[in-house]
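The values are calculated or read from the model by the stated rules, or taken from the named source; none is laboratory data. Nothing here was measured: the structure is a model prediction, and the numbers come from that model. Note that we place each Cβ from the backbone using ideal geometry, even for glycine, and neighbour counts take in every protein chain shown. SASA here: full protein model, heavy atoms, side chains in, ligands and nucleic acids out. Shrake-Rupley method; radii C 1.70, N 1.55, O 1.52, S 1.80 Å.
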Amino acid sequence: MSAAIASLVSYGSDSDSENESESNTGAEKVEQVDPDATAHLKPLQSGHTMSLAVLNSAPEVAVKEAVETGSHLDPSLKEVTFNPTYDTMFAPEFGPVNPFKTQQMAAPRNMLSGYAEPAHVNDFMFEQQRRTFSTYGYALDPSVDTHHASSNSYIGAVDEAEKNKGLTVFESGHKKTEKRKKVKGGDAGEIDNFLGPWAKYVDERDMAKPSEEEQKELDEIMAKRQKKGRNEEENPAEEKTILHVKDMYDYQGRSYLHVPQDVGINLRSVDVPDKCYLPKKQIHVWSGHTKGVSAIRLFPNSGHLLLSCSMDCKIKLWEVYNERRCIRTFIGHSKAVRDICFNNSGTQFLSAAYDRYLKLWDSETGQCISRFTNRKVPYCVKFNPDEDKQNLFVAGMSDKKIVQWDIRTGEVVQEYDRHLGAVNTITFVDENRRFVSTSDDKSLRVWEWDIPVDFKYIAEPSMHSMPAVTLSPNGKWLACQSMDNQILIFGAQNRFRLNKKKVFKGHMVAGYACQVDFSPDMSYVVSGDADGKLNIWDWKTTKLYHRIKAHDKVCISALWHPHETSKVITCGWDGQIKLWD
């Protein structure tokens with residue numbers, strides 16, 4: 001600063017000529033300089049002396065007095081070089097202070113809604129007073145010194161505060177409930193007899209334990225149940241049989257199980273017909289069941305006998321050829337019979353009924369050989385088709401399990417427990433090394449024999465329950481009756497893939513387990529439906545070829561005779577079994 005001032009020289013002249021020459025020189029210098037650069041210089045002339053204004057490059061700084069007194073702050077400023085007070089920041093832009101400012105407006109404010117005094121209350125103290133106020137209606141007045149508590153120290157229900165002596169919810173809670181005593185050994189102090197943190201209290205009443213009267217009633221009910229259960233187990237429905245033909249044996253001593261030789265075709269042959277044809281008319285009706293027929297099975301290999309089970313709790317054996325008589329009735333179930341299955345030779349068969357029993361019968365004598373139960377309803381039953389495993393059978397149960405029994409010991413030897421719903425069907429595939437099961441869980445599972453873990457699980461979101469499954473005569477395909485009114489075809493070898501090109505539609509089966517079957521030459525697929533109709537499709541084109549009104553009620557099963565070109569047997573819930581040709 002001193003150097004800048006020293007450089008600005010004021011001088012006088014002894015002679016006018018010198019002054020004029022000097023001033024002219026200075027004027028010429030000034031004219032040559034950029035006027036903008038010298039605009040801040042304000043030359044002052046007074047007589048013989050000329051002085052230049054001081055250039056101050058430092059910013060203006062408010063003095064302490066100006067800050068304290070709250071000097072006016074220009075609203076157009078973008079920067080402030082000091083810390084102004086609240087009043088200075090919010091002072092009116094023009095004119096005097098607002099004359100209409102109320103007392104409330106004029107009060108000091110440090111928050112939007114007013115002025116809050118600085119105070120410290122920890123969370124627990126605040127929550128304690130809040131809860132006390134919400135429970136009892138009083139709380140400590142925070143603006144009063146709480147060390148000298150009096151009636152003025154509380155806000156709200158002061159009378160209640162005096163009555164409770166100013167106790168908070170936490171204090172009063174502890175005072176009212178004394179610690180309950182635990183039973184001996186219920187405290188951690190008694191380490192030898194410590195019963196753990198869940199030990200009961202001395203006066204604790206076991207709510208789960210019934211009173212004496214309730215216990216008496218329960219004992220009576222349980223005694224009745226046990227008696228009823230014992231009666232059912234000890235005395236299952238008495239088995240008996242009725243022979244309907246005059247002579248059980250012919251003149252050569254052969255029973256009705258003997259395959260007839262005089263029916264026009266060789267029933268002993270394993271060859272299938274070369275060409276099958278559509279059945280056109282009804283040629284016989286087997287009537288004898290008083291209620292709906294559940295299932296029908298042809299005698300193995302020959303098919304000269306027909307076994308039927310019904311909701312009238314009876315099982316009947318019929319002739320397919322000659323006089324087509326009812327040969328024998330098997331009575332031994334107390335509830336409807338659900339499924340039946342011959343062994344390979346046809347000398348024995350199994351029956352599964354809703355009375356929770358599976359019974360093994362002798363086909364020739366009608367005697368009940370043995371009975372099996374696991375107290376669950378069997379929905380389907382199948383002998384193992386292998387010749388060396390004819391003593392084993394599997395049954396799909398209502399408790400989601402597939403149970404395997406040995407008929408020699410009468411014991412369960414294996415349980416396949418992976419389904420999530422009642423098991424509806426069991427079908428042996430792949431030379432009887434595996435079997436396929438379907439269930440109410442809308443899935444299809446494939447099992448290796450005697451291995452209780454499914455190695456293939458098929459379940460798609462679009463799949464429905466499939467309560468009836470049939471293996472094709474060539475062993476390559478599984479026909480599954482789906483509950484969305486169509487028959488689906490799965491490959492029965494290796495991958496069990498759904499054949500999307502083979503879907504048979506056009507019938508109504510939703511809600512009914514209508515059994516499907518194939519013609520022996522694989523030309524046709526047959527199935528009953530809910531309307532009592534027999535439906536016949538072409539295997540290659542999946543076209544619905546023929547539809548016959550077969551029964552008054554549901555047509556639950558249809559079987560194509562394995563040695564005949566056009567004979568189909570149907571059964572329905574009208575109690576009748578019909579033969580079509």
Exercise for the section: Find how many whole Å separate the alpha carbon centroid of the stretch 512-581 from the alpha carbon centroid of the stretch 380-446. Expected result: 26 Å
Handout entry: Estimated vicinal HN-Hα couplings, Hz - the stretch 284-292 in sequence order (Karplus 6.51, -1.76, 1.60; Gly, Pro = x)
Key = 7, 10, 9, 10, x, 6, 8, 10, x
Exercise for the section: First compute the accessible area of the stretch 526-581 with a 1.4 Å probe, then give the percent of it belonging to carbon and sulfur atoms. Expected result: 46 percent
Practice task
Grab the beta carbon distance between K456 and N322, set R0 = 35 Å, and tell me the FRET efficiency rounded to 0.05.
Solution key: 0.20
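Please state the charge dipole magnitude for the stretch 270-380, taken about the Cα centre, from unit charges on C-beta atoms (+1 on K and R, -1 on D and E), reported in debye and rounded to the nearest 20. Intermediate values should be presented prior to the final figure.
Working: 17 positive and 9 negative charges, 104 e Å.
Value, rounded to 20: 500 debye.
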Exercise for the section: Give me the number: length gained by fully extending R268 to S134, i.e. 0.36 nm times residue separation minus the C-alpha to C-alpha distance, one decimal in nm. Expected result: 38.8 nm
Practice task
Compute the length gained on full extension between L420 and M125: take 0.36 nm times their separation in residues and subtract their Cα-Cα distance, giving the result in nm to one decimal.
Solution key: 100.6 nm
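Just to confirm, what accessible area per residue do you get for the stretch 283-382 at 1.4 Å probe, in whole Å²?
Working: 3240 Å² over 100 residues.
Each residue of the stretch 283-382 exposes 32 Å² on average to a 1.4 Å probe.
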Exercise for the section: State, to one decimal in nm, how far the label point of L471 lies from the label point of R433, with both points 7 Å from Cα in the Cβ direction. Expected result: 1.3 nm
Handout entry: Lys/Arg +1, Asp/Glu -1 at C-beta; the stretch 454-538 dipole; positive extreme among Q486, A510, N499
Key = N499
Handout entry: Packing rank of 480-487, 554-561, 273-280, where each peptide gets the mean count of other beta carbons within 10 Å, highest leading
Key = 554-561, 480-487, 273-280
Problem - For the stretch 321-426: relative contact order, % (alpha-carbon pairs under 8 angstrom, 6 or more apart) - result: 18 percent
Completion exercise
Restricting to Cα pairs under 8 Å and 6 or more apart, the percent relative contact order of the stretch 207-352 works out to 22 percent
Exercise for the section: Keeping every protein chain in place, order W573, W580 by accessible area at 1.4 Å, biggest value first, i.e. largest first. Expected result: W573, W580
Practice task
Can you tell me the FRET efficiency between V245 and S345 if r is taken as the Cβ-Cβ distance and R0 is 30 Å, rounded to the nearest 0.05?
Solution key: 0.90
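Any of K502/K533; K359/K549; K553/K578 with alpha carbons more than 24 Å apart? Name them for me. Let's see the in-between values first.
Details: K502/K533 21 Å; K359/K549 34 Å; K553/K578 13 Å.
The pairs that break the limit, which is 24 Å between Cα atoms, are K359/K549.
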Handout entry: Charge sum, other residues only, whose C-beta stays under 13 Å from F455's C-beta, Lys/Arg counted +1 and Asp/Glu -1
Key = +2
Exercise for the section: Set the Förster radius R0 to 30 Å, insert the Cβ-Cβ distance between Q486 and K376 as r into 1/(1 + (r/R0)^6), and round the FRET efficiency to 0.05. Expected result: 0.45
Completion exercise
Here the relative contact order (percent) of the stretch 496-563, from C-alpha pairs under 8 Å and at least 6 apart, is 32 percent
Completion exercise
Subtracting the Cα-Cα distance of N152 and K165 from 0.36 nm times their residue separation yields 3.4 nm
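Report, in debye and to the nearest 20, how large the dipole of the stretch 289-442 comes out about its Cα centre when Lys and Arg carry +1 and Asp and Glu carry -1 on their Cβ. If you can, show how the numbers build up before the last one.
Numbers: 23 positive and 19 negative charges, 111 e Å.
Approximately 540 debye in magnitude.
Given a 1.4 angstrom probe, I'd like the percentage of the accessible area of the stretch 283-346 that is carbon and sulfur, rounded to a whole number.
Values: 910 of 2020 Å².
In the stretch 283-346, the share of accessible area belonging to carbon and sulfur is 45 percent.
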